[in-house]
Amino acid sequence: MSELDTRSLTAEQALGLLERKEVSGAELHRAYLDAVAERDDELHCYLRTVDAPVGDSVPIALKDVISTKGIETTAGSRILEGYTPVFDATVAARVKAAGLSLLGKTNTDEFAMGSSTENSAWGPSRNPWDPSRVPGGSGGGTAAAVSAGLAPWGLGSDTGGSVKQPSALCGNVGLRPTYGTVSRYGVVAFASSLDQVGPVAKTVRDVALLYTIIAGRDPLDSTTAELPESVELPESDSLAGVRLAVPKQVADLDAIEPGVRAAFESALETARGLGAEVGECDLPLAYRYGMPCYYLVAPAEASSNLARYDGVRYGLRVEGATYGEMVDRTRDEGFGPEPKRRIMLGTYALASGYYDAFYGQAQKVRTLLIREHRDALAGFDAIVTPTSPTVAFPIGDKAADPLAMYACDLLTIPSCLAGLPGLSLPCGLSEGLPVGLQLIGRQFGENGLFRVGHALEGALGFDTVPERSR
Amino acid sequence: MSWEPVIGLEIHVQLKTRTKMFCRCLAGFGAGENTQTCPVCLGFPGALPVMNRTAIEWTMKLGLALDCEIAEHAVFARKNYFYPDLPKGYQISQYDLPSCIGGKVLLPTAESDRVIGIVRAHLEEDAAKIVHVGGRSGRIGGAEASLVDYNRGGTPLVEIVTAPDIRSAEEAKRFLQLLRQTIVELGISDAEMEKGTLRVDANVSVRPAGSDELRTRTEIKNMNSFNFIARGIDTEIERQIGVWESGGEVEQQTYDFDAATGTLTARRSKEEADDYRYFPEPDLVPVEPASELVDALRSEIPESPAARIRRIEPALDLERATVLVTGGLDRLWDETTAAGADDVATANVIANTLVGAGVDPDAVPAAELAKLVEARDRIPRGAFDEAISKLGEPGFTADPYLAQESVADTDELGPVVDRILEASPGQVAAYRGGKEGLLGFFVGQVMKETQGKANPRVVNDLVREKLDA
């Protein structure tokens, strides 16, 4: 076997090596675990690794919100410490059936609530481009692992940007699929009407490949649908005839850093050079009401989804004199500050007398956002924006300011509320840190996003290996 | 002043689907604790509910039988509260958009049909069962521990809510009898109160007769038979009348009915109202049945018990018709009378002798029963009773019983009658003094003396003749 350099190896390349029998599945698995042993003390991408590979194909990392039979699954929370699922999440079962071997479970903000992985009960992950900075979140563990060559690809979950934003901050490609195309069965729930599992990898083709493995209707998840068309691996390097739209509101968003804006605009130039037409669309509500709407809907559903962690059946139990005391103590000690904050927010949003003003109103806004995006996409193939207004920020920078942290998802949230697919791909550097570009497509429009993303990726020539480890 | 009770009922019916409402665990009693469970009904992280199609269809069927409108768009919601019998921290239940809306049940009375409105019928999942151990018998107070059996958790449950149209405890009981019969005939539930597959809560208030105001109501729970429901309601009506008449004010309150003492005990009142924070269950999609499905279900609904009471009543009377229909005996009556047997005699034999002998009416060959009913005065009583008790046996034929003749010879029976009368001078005097009801007593004695071989009609005539002599 030749010397494997996991830092640059793509999943597709790894598949090629396997097909040509230049390497075995077990050797691949071992190579990644060696890389983990070498670099993960610094980065803390993994909460636990799996030594003996089950599959003989390409290895994969799974975010710790994805239930894995026989392997502890904590969702980054102390309240699930020691919880070992008796069943695989559907996505875990599908990657297993495809022969992918599980490398381990990756770090996440507690219950996927956060944008930096700092909310993990098990400590933050670090950005491979600059370990003093966050990898983004909530799926920072998966994104950092792929970026640092500790996994060729992985799965995250995206509620308001938890796949797209860390992919952007770590220089990876990440897809949040159309709501309903990937099963949520066995994925620890945060906000059920928004949660969606998506792939993270080094290339658009790898993301598309992994998407073919996980997508499609699951009888165990009533909200899933059959894909209307099969997934196509993108080939073309041309964008001739493709129409992209930049929301005109993006120009006025002060939150977008100049360096991010510059990389974004340069990527638009590249797109024009490939034959794309870049126009303007109007999303008047998205950036004004997207965030407040999200921070009513998501906490409301979270307050209910997290009610099951009561200490009765699994995970942490802190004893008390009565049932009520036991539940109070368990939840007090088991949940960190962010889940507690969102449980409080959500409980108020659903309270009788406030329902119409908060949750009910947010659902109406959501309907308007769906309509607004549909109208905007009527004349275009994709909406294009920066993924994150900023590059990776220093650890601790926003930890004490929840609103600043929530603002990280300003650009990813609106299309999540609309249920639309979003692909983030690296489009350049700012201050030596990756900048992500977000492509938003129509419902079930993943193939279109893959085509545009693949062509852009080729022309941009972004090197996904962090500069410091080249 | 006279008072009018205003009563509404909330009825929970556990459906007897093979599997649970939102997972494919077996539903039903008798299995070892927590053996009929899975990640879904235990509320494990990431587990998702998937609706039981049969439960949805049965709920719609029940709605159709109760003359409800079937919603084209029904939605499951989450009812959020903490309790150890609720593994997810919320119960999945239809809420503001239930499957069945606005029906009615007709209660045949001597004058006309009383109409009891059905506000709604909705589908939900049952909670698990809690057993408190180590304290006062089964109570949570003082218990050392509470054990939870999740086998029942997630069983489909339909809640039926009536309008406050019921005006007496007796009427509540009759309504429940008809409702129960409807449910049983649909084949969707055993609807047995003792087993908890049928549970009833009553909302009770009273108002001055003739008024249409609605005064404060109270809720009575924990009544586990139709008779207890009637007693509980009557007790509460009397209590409320007493409160109003003594110048007091009835307070909103929940009571438990204690069957042993026949008394009501107020539950500890909560300081705050519950806030269940309902919102649409995002893990499920709305229930939007095709109209073809609703039509197909409608075509499977049998004739309602009330309609059947009205249909057979002219041949009998309201009381007998009601007993036959609410006992599930009217089909046998239909067939037996169609085979030529007398209407009233058939009703009496079925409702008394047959039921008393514990015979399954569905196993009875109507033609054989018809022959026996027609021969009831000719063959010996003992033979008749024995024949009835064996009607449900496979291959039963009435012929051997019909071949027997009862003793109708007055020469033979006369001395027996004389002996009986001589042995009871007191009763004879009482009869002659006007207590004519004692006739049956003497006839019974003679039947006993002859070991059931005497012809009862001949004995009857003979006794009367001798007493009146």
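Among the residues of segment B:51-77 satisfying the criterion of being touching a Lys or Arg at 6+ places or on another chain (Cβ under 8 Å) and farther than 18 Å from B:V161 by Cβ, which is nearest to the other protein chains (Cβ to nearest Cβ)? Among those residues, the one meeting the criterion is B:N52.
Contact map, segment B:410-436: residues that are aliphatic (A, V, I, L, M) paired with residues that are in a loop (DSSP other than H, G, I, E, B), Cβ distance under 7 Å, separation 6+ or inter-chain. Pairs shown: B:V416/B:T450. Would you be able to say whether some residue in segment A:294-311 is more than 28 Å from A:T181 (Cα to Cα), touching a residue at least 12 places away in the same chain (Cβ under 8 Å), surrounded by 19 or more Cβ atoms within 10 Å (Cβ to Cβ) and within 14 Å of chain B (Cβ to nearest Cβ)? So far as segment A:294-311 goes, yes, one or more of its residues are more than 28 Å from A:T181 (Cα to Cα), touching a residue at least 12 places away in the same chain (Cβ under 8 Å), surrounded by 19 or more Cβ atoms within 10 Å (Cβ to Cβ) and within 14 Å of chain B (Cβ to nearest Cβ). Number of residues in segment A:118-141 that are of a type outside the set (G, A, S), out of contact with any strand residue (DSSP E or B) (no Cβ under 7 Å at 6 or more places or on another chain) and either closer than 17 Å to A:A407 by Cβ or not in a loop (DSSP other than H, G, I, E, B) (or both) equals 2.
Reported count of residues in segment A:171-206, each being away from chain B (no Cβ under 14 Å), β-branched (V, I, T) and in a strand (DSSP E or B), is 2. Residue pairs whose Cβ atoms lie under 6 Å apart, separated by 6 or more positions or on different chains, with the first residue in segment B:17-39 and assigned by TED's automatic domain parsing to the domain that holds B:S189 and the second aromatic (F, W, Y) and assigned to a loop (DSSP other than H, G, I, E, B), are B:N34/B:Y150; B:T37/B:Y150; B:P39/A:F87.
Within segment B:220-262, restricting attention to residues that are closer than 23 Å to B:L176 by Cβ and small (G, A, S), the residue that is surrounded by the most Cβ atoms within 10 Å (Cβ to Cβ) is B:G232. For segment A:56-80, the candidate set comprises residues that are more than 11 Å from chain B (Cβ to nearest Cβ) and not in a loop (DSSP other than H, G, I, E, B); within that set, the residue that is nearest to A:N305 (Cα to Cα) is A:R78.
Regarding B:L42, is this residue surrounded by 22 or more Cβ atoms within 10 Å (Cβ to Cβ) and either assigned to a loop (DSSP other than H, G, I, E, B) or in the same structural domain as B:K129 (by TED's automatic domain parsing) (or both)? Yes, satisfied. In this entry, A:A92 passes the filter for residues that are part of a helix (DSSP H, G or I), closer than 27 Å to A:A189 by Cβ and in contact with a Lys or Arg (Cβ under 9 Å, 6 or more places away or on another chain). A single entry from A:L244, A:L209 fulfils the requirement of being more than 14 Å from chain B (Cβ to nearest Cβ), surrounded by fewer than 24 Cβ atoms within 10 Å (Cβ to Cβ) and in a strand (DSSP E or B): A:L244. Can you tell me which residues in segment B:98-118 are buried (at least 17 other Cβ atoms within 10 Å of the Cβ) and in contact (Cβ under 8 Å) with a residue 60 or more places away in the chain? The answer is B:S99, B:V105, B:L106, B:L107, B:P108.
All conditions but one from (1) of a type in the set (G, A, S); (2) buried (at least 20 other Cβ atoms within 10 Å of the Cβ); (3) touching a Leu at 6+ places or on another chain (Cβ under 8 Å) apply to A:A459; the one that does not is (2). Flag: B:L284 does not match the condition of being in a helix (DSSP H, G or I) and surrounded by 19 or more Cβ atoms within 10 Å (Cβ to Cβ). Is one or more of the residues making up segment B:265-275 farther than 17 Å from B:K173 by Cβ, touching a residue at least 40 places away in the same chain (Cβ under 8 Å), in a loop (DSSP other than H, G, I, E, B) and within 14 Å of chain A (Cβ to nearest Cβ)? Within segment B:265-275, one or more residues are farther than 17 Å from B:K173 by Cβ, touching a residue at least 40 places away in the same chain (Cβ under 8 Å), in a loop (DSSP other than H, G, I, E, B) and within 14 Å of chain A (Cβ to nearest Cβ). Among the residues in segment B:117-127, are any more than 24 Å from the chain's Cα centre (by Cα) and more than 21 Å from B:L179 (Cα to Cα)? Within segment B:117-127, not a single residue is more than 24 Å from the chain's Cα centre (by Cα) and more than 21 Å from B:L179 (Cα to Cα). Pairing each residue of segment A:216-227 that is within 9 Å of another protein chain (Cβ to nearest Cβ) and closer than 15 Å to A:G186 by Cα with any residue that is buried (at least 19 other Cβ atoms within 10 Å of the Cβ) and among the basic types (K, R), provided the two are 6+ apart or on different chains, yields C-beta distances under 7 Å for A:D221/A:R184. Residue count for segment A:318-337, restricted to those that are more than 30 Å from the chain's Cα centre (by Cα) and away from chain B (no Cβ under 11 Å): 6. All of B:V417, B:V446 fail the test of being within 43 Å of the chain's Cα centre (by Cα) and either surrounded by 17 or more Cβ atoms within 10 Å (Cβ to Cβ) or under 29 Å from B:K390 (Cα atoms) (or both), apart from B:V446.
Residues are listed down the side, and each one gets a yes or a no for (1) outside any loop (DSSP other than H, G, I, E, B); (2) more than 12 Å from every other protein chain (Cβ to nearest Cβ); (3) over 26 Å from B:C41 (Cβ atoms); (4) under 19 Å from the mean Cα position of the chain (by Cα):
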residue	(1), (2), (3), (4)
A:V54	no, yes, yes, no
A:G82	no, yes, no, no
A:G99	no, yes, yes, no
A:S116	no, yes, yes, yes
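The single condition among (1) closer than 23 Å to A:L253 by Cα; (2) more than 14 Å from chain B (Cβ to nearest Cβ); (3) not basic (K, R) that A:A362 does not satisfy is (2). A:K63 fails exactly one of the following numbered conditions: (1) charged (D, E, K, R); (2) crowded, with 24+ Cβ neighbours inside 10 Å; (3) more than 19 Å from the chain's Cα centre (by Cα). What is the number of that condition? Failed condition: (3).
The values are calculated or read from the model by the stated rules, or taken from the named source; none is laboratory data. Computed from a predicted model, the values in this text were never measured in an experiment. Note that we place each Cβ from the backbone using ideal geometry, even for glycine, and neighbour counts take in every protein chain shown.
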